[in-house]
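Notes follow once the structure below has been shown.
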Amino acid sequence: PSMRELQRLYTDQELIANGVLLAGYLLLLLLIWANPKRSAVVFALLLCVTAGECLYAGINGFEKQSDRAEYTANLETMDKVIDYMDSREDGGFYRAEFRRFTTTNDGALYHYHGAGIFSSLLPGSTADLAEALGLAAHSTSFRYYDPPPLIGSLFNVKYVMEKTGDGNGGMQNPFYQYLHTEGNIEIYENPGALGMGFLADESVKNWKVLDSTPFQVQNDFAVKAAGLEEAMFTNVPAATLAPENISINAQQAPSRFSFRVPDPYDLEKVPAITIVFPVEEDGYYFLWAAGDGANRLMYRYGNMLQDREMSASNGLIDLGWLPGGAELAVQLRLADIICEKNKYVDGGDVSFFLAAYRQEVFQEMHGVLSASTWQLTGWGDTWLEGDIDADREGVMIVSVPNEKGWRAFVDGAEMEITGVGADSLIGLELAQGRHTVRLEFHLPGLAAGIALSALSLCGAAAYHLALKRRRRRESPVEPAQPVETGTPLACSEAK
C-alpha cells in the first residue's frame, strides 16, 4: 500500500511503533544468522513477545459487538416453545423459524429444525436458489427473514416465532395464524406449509431460477409447478433515482445499475442511493433490494419510516398493506466498511424491485400443490420415509438440498433423483397412484476413506515394526565376559 493509504489506516504514532517493532524483529533475525548456537535463546524471546501480544490482543484488542446475555436470554423460554410445537406435531417432523433472527444459526442455538443456515459446507446451488427467491443470502448462508408465503410453503416452515418488545413492531403478517405466547415469544402457524414433499407438474423441471428477479422467480414457479396463468407479483416501475457520493456507471434498467465510489477512503462521505416508486393502487407490497457493500436500508411511505439492517447486503422486505396515492422512497446505504482496509467498497452493482402481491393467486397455487403431499411415516438424521398419493403424473419436490450422497427409493426400487430449481432441490418423477418414498443419505467417499485410513494405519504399523527390527540388527552386541573359575573356598574361609 502507498503511504497515503497507510496514513488513512494508522496514526503517525502507530506507524512509528510498527517501524520500531519491525526493526527489532530484523535485529533478532540477524542475531540468529550471526550466531546460530544462540538461536534457542532468541526463539524463546520471540515466543515470549508473541505470547504477550496474543494475550494483550485477546483481552483488549477485540471490540465486543454484543453481550453473551443476548444469546442466552431466551434459552429456557425456547425449551418451552419447542415443547409446545412438538406436542402439536405429536413427534412428527416440522420446521420453524423466527420472523427476525438472533443469529444466522438460530436452529442450532435453540435446537429446532430451521430453514436458514450458515455453513461453509452449504451447497452453492442451495444458496443460489435462496437468494434467487429473495432470502437474504451469501454463498455460505441464507436467512429466513419475513418472506412471502411461497417461500414458507416451499421450505415447509410450519411455525413462525416472534419476540415481543424487540423493536421489530410485532407480527404484522396477516398470512400467519396466532397460536400461543410463551414468555416473550409468540408462536404463529403457517397454514400454507406444504410438508417435506409435494407433487408438482413436470414442467417444474424447467423452472427458471437464475438471471431473474425474486418476483419473477416466484411467478415462474407458480406457472411451472401449478400451471397458473396469473402472476402472484406485479412489478411497480421506479420513477426517480438519486445517487449520493457515488457515480452511476451503467444502468441496465430503471432500478438496476452499477456504481463507483470516487473516494472509498473518505469515511465521512457515506455512499448511498435513493430510489422512488409511485404506489398508485392499494395493495400488499414486497420490496427487494441488493447492493455490494449495502449495510442498511431505510424507506418512507407517508408517515411510516422504517430502518432495516442489511446483514447479507440483500434481502426481500415485507412492506405490508399500503394505501395507494403516495410515493415509496427507499434509501440503500452502501457503507459496509472493509475492516482490514478501513474503507468503503470501490463499487459494484445495485438493484431495487417493488412488487404488488396477490394472495388469491397464491391460494390457487397452494390448492394445486397441496392435493398430493408426502406424509412422513418416519425420519432420522440421514433418512426420510413416507407415503404420497399422486393424483397425477408429476415431479415430487422435496425441500432438501440436492447433494451428492442422497439415494431415493420408490416402492422399494431405487430411482434417479431429478434436480429442481437449478439442481438445488431433490425431485422425483412419479407416476399416478400411491407410492412409498424413502430417501437415504450416504456420505460420499466414506467407504473409500475408511479403507484408506485403515491401509495407512497398517502401513504405519508395518513401518514401525520394520524400523524396530532394523535397529536391533544394527545395534552392537557386547561379547559375553568369561567367568573366572577357581578353587572353591572352604566353608571356614568363606566365613
Once both axes come from the Cα atoms, what is the angle between helix 39-60 and the longest principal axis of the chain, in degrees from 0 to 90, rounded to 10?
-> 30
Tabulate in residue order the Karplus-calculated ³J(HN,Hα) for region 232-249, using 6.51 cos²θ - 1.76 cosθ + 1.60 with θ = phi - 60°, rounded to whole Hz; enter x for Gly and Pro.
-> 6, 10, 10, 5, 10, x, 7, 9, 10, 9, 10, x, 10, 6, 9, 10, 7, 8
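May I ask you to give the percent of accessible area on the chain that is carbon plus sulfur, with a probe radius of 1.4 Å?
54
For region 25-110, what is the charge dipole size about the Cα centre, in debye to the nearest 20, if Lys and Arg each add +1 at the Cβ and Asp and Glu each add -1 at the Cβ?
Approximately 700 debye in magnitude.
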Which of the lysines could a cross-linker span from LYS343 if the Cα-Cα distance has to be under 28 Å and same-chain partners fewer than 8 positions apart are dropped?
-> LYS64, LYS269
Per the C-alpha gyration tensor (a ≥ b ≥ c, the square roots of its eigenvalues), region 40-141 is rounded if a/c is under 1.5, else prolate if a/b beats b/c, else oblate; here it's prolate
In deg cm²/dmol, rounded to 500, what helix-only [θ] at 222 nm does the chain give when every DSSP H run of at least 4 residues adds -39500 (n - 2.57) and the total is split over its residues?
-> -9500 deg cm²/dmol
For region 260-277, in residue order, the Karplus 3J(HN,Hα) values (coefficients 6.51, -1.76, 1.60; θ = phi - 60°; whole Hz; Gly and Pro = x) are 9, 9, x, 9, x, 7, 7, 6, 7, 9, 6, x, 7, 9, 10, 10, 10, 10
Compute log10 of I(q)/I(0) for region 253-373 with the Debye formula, placing one identical point scatterer on every Cα and leaving out solvent, at q = 0.12, 0.13, 0.16, 0.18 Å⁻¹, to two decimals.
-> -0.53, -0.60, -0.81, -0.93
Cut-off under 5 Å, modelled amide H: who pairs with ALA200 long-range | VAL395, MET396, ILE397
Dipole of the chain (Lys/Arg Cβ +1, Asp/Glu Cβ -1, origin at the Cα centre): which of PHE441, TYR56, PHE257 lies farthest to the positive side?
-> TYR56
What order do you get for 344-351, 379-386 when each peptide is scored by the mean count of other beta carbon atoms within 10 Å, highest first?
-> 344-351, 379-386
Bin by bin, in steps of 5 Å, what percent of the Cα pairs in region 299-350 do you find, going until the bin that has the longest distance?
-> 4, 13, 24, 20, 14, 11, 8, 4, 2, 0
In the chain, taking the dipole from +1 charges on Lys and Arg beta carbons and -1 charges on Asp and Glu beta carbons about the Cα centre, the listed residue (MET396, THR234, LEU15) farthest towards the positive end is LEU15
Sort all Cα-Cα distances of region 231-285 into consecutive 5 angstrom bins from zero, then give the percent of pairs in each bin up to the one containing the longest distance.
-> 4, 15, 22, 18, 14, 12, 8, 4, 2
In Å, what is the Rg of the alpha-carbon atoms in the chain, and how long is Dmax?
-> 32.6, 133
Work out Dmax and Rg for region 75-128 from the C-alpha atoms and quote the Rg first, both in angstrom.
-> 12.6, 36
Which is farthest toward the positive dipole end of region 74-160 among THR104, MET78, PRO147, measuring Cα position about the Cα centre, with Cβ charges +1 (Lys, Arg) and -1 (Asp, Glu)?
-> PRO147
Rank by packing, highest mean first: peptides 448-458, 301-311, 233-243, 417-427, with packing defined as the count of other Cβ atoms within 10 Å averaged across residues.
-> 417-427, 233-243, 301-311, 448-458
Simple spin-label model, 7 Å along Cα-to-Cβ: VAL20 to TYR265 in nm?
-> 2.5
With a 10 Å radius around each residue's Cβ, average the other Cβ atoms per peptide and rank 173-180, 215-222, highest first.
-> 215-222, 173-180
Step through the residues of region 103-112 one at a time and calculate ³J(HN,Hα) from phi using the Karplus curve (6.51 cos²θ - 1.76 cosθ + 1.60, θ = phi - 60°), rounding each to whole Hz and writing x for Gly and Pro.
-> 10, 6, 10, 4, x, 6, 5, 9, 6, 9
Quick one: accessible area per residue over region 238-389, 1.4 Å probe, rounded to a whole number of Å²?
-> 45
Non-local residues with an amide H under 5 Å from the amide H of MET415, with H modelled 1.01 Å from N and Pro and chain starts lacking one, are ALA408, PHE409, VAL410
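The values are calculated or read from the model by the stated rules, or taken from the named source; none is laboratory data. Keep in mind it's a predicted model, so treat the numbers as computed, not measured. Virtual Cβ from ideal backbone geometry, glycine too; neighbours counted across all protein chains shown. Just the protein is used for accessible areas: all its heavy atoms, side chains included, with ligands, DNA and RNA removed. Shrake-Rupley method; radii C 1.70, N 1.55, O 1.52, S 1.80 Å.
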